[in-house]
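The values are calculated or read from the model by the stated rules, or taken from the named source; none is laboratory data. Fair warning: this is a prediction, and the values are worked out from it, not measured in the lab. Glycine also receives a Cβ, built like all others from the backbone with ideal geometry; neighbour counts cover every protein chain displayed. Note: areas computed on protein heavy atoms with side chains; ligands, DNA, RNA excluded. Shrake-Rupley method; radii C 1.70, N 1.55, O 1.52, S 1.80 Å.
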Amino acid sequence: AEVLAYIAGIDLTKPLSENQSSILNDCFLAHHIICERDQSLSLPQLVAVGNIFGEPQVQLLGDYRLDDPLNIFIFNYNKIGGVKPHVRATHWHTDDSYFAIPAKATILCAQALPTSGGSTQFIDTEAVLKVMPTTIQLRIEGWRAVHKYQSRRSQAKVAIRTPEEEALTPDVFILNTKVPETGQAALYINPNRIDHIEGLSLTQSDEILDELYAFAFDERFQ
């Protein structure tokens, strides 16, 4: 499938029919990224869009979510840096891979954009797995990667969790996965959250992870 589809002629401020919602979801499953331009959404309308694709997840970190609705995450607002906004997501990552039930999708709704920089890139992890050399596929078959909220390999700062938030995010074990609605396999990687590969020494694990990332983040899949 070709990654990224632009959708025109739809007004997300208005309730969609069941058929329209189904078409949007099918489009997302086929193309992985969909872009809907010129949408000015209120917060309840944004949550309604999320409901098209599944049940919106409550943001883990209480400091960075709105009181209502709890599903909305305020980007580039972060108490890590004090009063100065902390720019998040500056390294390759997969959102919420440290949850036992990971996110199906992330919805971004831009309110203010920089005049330069700030570009967001994506990779097609289904395509990565399909063309990965057989030697690598056989090597990692059946292996599980340990996803941690605070990984020793992370290049980014992470917010401190409360004890309640820590209890919600024990380590998760996954490396390859399948999209439930399509059955398509994908390489489930996250440089910011994967700590190591289960059962290997840290040295062996780092060598393999570095090899996987070098292959996966090739410009062919972006």
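Just need a number here: residues in the range 141-153 that are small (Gly, Ala, Ser) and either in a strand (DSSP E or B) or open to solvent by less than 30 Å² (accessible area, probe 1.4 Å) (or both).
Within the range 141-153, the subset small (Gly, Ala, Ser) is 142, 145, 151.
Going one step further and asking which of them are either in a strand (DSSP E or B) or open to solvent by less than 30 Å² (accessible area, probe 1.4 Å) (or both), we end up with 145, 151.
Residues that pass the stated criteria total 2.
Could you tell me how many of the residues in the range 101-123 are open to solvent by less than 90 Å² (accessible area, probe 1.4 Å), more than 11 Å from the chain's Cα centre (by Cα) and closer than 20 Å to GLY54 by Cβ?
The qualifying residues number 1.
On the given criteria, is LEU46 of a type in the set (A, V, I, L, M), more than 26 Å from THR177 (Cβ to Cβ), modelled with pLDDT of 80 or more and open to solvent by less than 60 Å² (accessible area, probe 1.4 Å)? Let's see the steps before the verdict.
Values: of a type in the set (A, V, I, L, M): yes; more than 26 Å from THR177 (Cβ to Cβ): yes; modelled with pLDDT of 80 or more: yes; open to solvent by less than 60 Å² (accessible area, probe 1.4 Å): yes.
Yes: the conditions hold for LEU46.
Which residue pairs have Cβ atoms under 6 Å apart, sit 6 or more places apart or on different chains, and have a first residue in the range 204-217 that is hydroxyl-bearing (Ser, Thr, Tyr) and a second that is at pLDDT 95 or above?
SER205/HIS196; SER205/ILE197
Which residues, taken from the range 49-63, are buried (at least 18 other Cβ atoms within 10 Å of the Cβ) and in contact (Cβ under 8 Å) with a residue 60 or more places away in the chain?
LEU60
Across the range 191-222, what is the total count of residues that are polar (S, T, N, Q), crowded, with 16+ Cβ neighbours inside 10 Å and either modelled with pLDDT of 95 or more or not in a loop (DSSP other than H, G, I, E, B) (or both)? Quick ask: steps written out before the conclusion?
Initially, the range 191-222 is screened for residues polar (S, T, N, Q), giving 192, 201, 203-205, 222.
Still in the running and crowded, with 16+ Cβ neighbours inside 10 Å: 192, 205.
Cutting the leftovers down to either modelled with pLDDT of 95 or more or not in a loop (DSSP other than H, G, I, E, B) (or both) gives us 205.
Qualifying residue count, the range 191-222: 1.
Is it fair to say ALA89 is assigned to a loop (DSSP other than H, G, I, E, B), of a type in the set (A, V, I, L, M, F, W, C), modelled with pLDDT of 90 or more and under 18 Å from the mean Cα position of the chain (by Cα)? Steps first, answer last, please.
Values: assigned to a loop (DSSP other than H, G, I, E, B): yes; of a type in the set (A, V, I, L, M, F, W, C): yes; modelled with pLDDT of 90 or more: no; under 18 Å from the mean Cα position of the chain (by Cα): yes.
No.
Tell me whether the range 6-21 contains one or more residues that are of a type in the set (D, E, K, R) and outside any loop (DSSP other than H, G, I, E, B). Before you say what the answer is, go through the steps one by one.
Taking the range 6-21 and keeping what is of a type in the set (D, E, K, R), we get 11, 14, 18.
Adding the requirement that they be outside any loop (DSSP other than H, G, I, E, B) leaves 18.
Yes, some residue in the range 6-21 is of a type in the set (D, E, K, R) and outside any loop (DSSP other than H, G, I, E, B).
Given the criterion assigned to a helix (DSSP H, G or I), of a type outside the set (Val, Ile, Thr) and free of Cβ contacts under 8 Å to residues at least 24 places away in the same chain, identify the matching residue among GLU166, GLU126. Write out each step before concluding.
Details: GLU126 fails: free of Cβ contacts under 8 Å to residues at least 24 places away in the same chain.
Criteria check complete, one pass: GLU166.
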